[in-house]
Every structure is written in structure tokens, then in C-alpha cells.
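Computed from the coordinates by the stated procedures, all read-outs in this text should not be read as laboratory data. Only a predicted model underlies this, so the values are computations on that prediction, with no experimental measurement involved. No Cβ is skipped: glycine too gets one built from the backbone with ideal geometry, and neighbour counts run over all protein chains shown.
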Amino acid sequence: MDLDFAQIVPYIPFIFEGIKVTLLVTLISVVLGFIWGSILALIKISKLGPLNWFAVAYTSVFRGTPLILQLSFVYFATPQLTGYIISAFEAAIITFTLNSGAYISETIRGGIMAVDKGQWEAAKALGVPYRRMMFDIILPQGVKHILPALVNETIALLKESALVSTIGLADILKNSNVVVGTTYRYFEPFLIAGMIYYVMVMILTWVARGVERRMRRSD
């Protein structure tokens, strides 16, 4: 086996520099995706015909097309359609937000519908306004039900963020590819990149389990 990690050691800090970009894209997209997904979920359970149709069609399109295609469309087609030269970072945030929002909306909708109907009926009987009932009573309980699914979506987004390397954003995978081009060694840089992703996913999973335990104790 032709392995020589000594050649890669000087480049490890450079690979680690990509962690900042990976985490920024993931965290910003998850937060914005959660907000957008919540809006879509509320529209889906509403009786607003045109908006309801839009939310369902939107989800269908973004779940039915490859993420790499969506990213390429936003990054390369935006200048053609609008004349605005979008940066790779902006394209990544927009794409992952729109994509994760579609998936999260279905997760949140399922969580809301899983809340006991008695909660809805009790709130209505007490005359609680719909908006306050949804944000103070129903949605918080729904989030407890879907926390594992939200964690899975965040983990999936963290791994899928490697696609931003295709549009030149200097994430973990992009920096690893730069090292490959410099050293002409593939196994070692990609192994290090894989280990970084794995450690981040394990940390995220550990934090999520802690939050889930806290939420269960608070019931």
C-alpha cells in the first residue's frame, strides 16, 4: 500500500479551514430552512386554497429534483435571469434553505397533526386566538415530537453541504481537493475530510440527544 501521511500533515490546517464554511452554510440554512418550513407547514394545514396549492407544489418540486441541480440552477442561472452576479456562498445558502424548507415543512406538518386533538379543542373552547394557539401551544408540542427528524435533516444537510465544492466554495471537500491537486495523493486527504465530517456528525448527534433528554424531562 502506498500511504504517506507525512506529505499531507502540512496541509491538514488548510483542510480544517473548510470547517468554518461547512458549519456556516449548514447552520444558517437549517435556521432559515426551519423558519421557511414552518411557514410552509402552516400554509399546508390552512384552508387558503391558492397558498395551500403553492406550498404542496413547492414541496413536490424541491423534493423531486436533485439538490446538485438546484444548486447549479441558483448559482449559474441567476446571473442570466436577473443580471445579478451571485456569490457561491449566497447561492449555497439560498439553495439549501429552499431545499431544507421543503423537507422540514413536511416534518413539521406531521408533528403538528400528531398533537392530540384535545389540545386544539381545549384552546378553542377557552377562546385562544388561532395564532397564539398555534405558536404557544400546538407548535412547541409538535417540535418535541419531531426533534429526532429535525436532527436527521440537519445531519443530512451537513453532509450534503459538501456539494458547495462544485461551485468553488472553500469547504472541507473543496480544500481536500486542492490538497489532492497539490500532492497527487487521494486517499489521505479524503480520509481526513471524512473523519472531520464524521466527528461533526457525532457531536451534533450527541448534542441533539442531550436536548431531547431535557425536553422529555420538562414534560
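The alpha-carbon of K144 sits under 27 angstrom from the alpha-carbons of these lysines, leaving out residues fewer than 8 places away in its chain: K44, K47, K117, K124, K159.
Charged side chains reduced to their Cβ positions (Lys and Arg at +1, Asp and Glu at -1) give the chain a dipole of some 920 debye around its Cα centre. Highest average first, the peptides 156-169, 173-186 ordered by how many other beta carbon atoms sit within 10 Å of their residues are 156-169, 173-186. Using R0 = 30 Å, the C-beta based FRET efficiency linking F135 and W53 works out to 0.80.
Measuring between their Cα centroids, the stretch 62-97 and the stretch 106-149 lie 34 Å from each other. Once the mean of 1/r is taken over each pair of separate Cα atoms and inverted, the stretch 6-217 shows a Kirkwood hydrodynamic radius of 19.2 Å. By the helix-only formula, in which each DSSP H run with n ≥ 4 contributes -39500 (n - 2.57) and the sum is divided by residues, the chain has a 222 nm mean residue ellipticity of -25000 deg cm²/dmol. For S87 and I35, what does the FRET efficiency come to when R0 = 25 Å and r is the distance between their Cβ atoms, rounded to the nearest 0.05? The calculated FRET efficiency here is 0.70. Within 12 Å, Cβ to Cβ, of F5, how many net charges do the neighbouring residues add up to if Lys/Arg are +1 and Asp/Glu are -1? Residues close to F5 contribute a combined charge of -2. Along the positive direction of the dipole of the stretch 120-219 (beta-carbon charges: Lys, Arg +1; Asp, Glu -1; about the Cα centre), which of L163, I146, L204 reaches farthest? Projecting each Cα onto the dipole axis, the largest value belongs to I146. Size estimate for the stretch 113-171 follows the Kirkwood approach: the inverse of mean 1/r over distinct Cα pairs works out to 14.1 Å. Working note: Karplus 6.51/-1.76/1.60 with θ = phi - 60° gives the stretch 82-97 the couplings 10, x, 8, 7, 7, 7, 4, 5, 4, 4, 5, 4, 4, 5, 5, 5 Hz, where Gly and Pro are set to x.
Over the chain, calculate the relative contact order: mean separation of alpha carbon pairs under 8 Å at least 6 apart, over the residue count, as a percent. Once divided by the residue count of the chain, the mean separation gives 31 percent.
Extending 7 Å from the Cα toward the beta-carbon at both L27 and L191 defines two label points whose distance is 3.1 nm.
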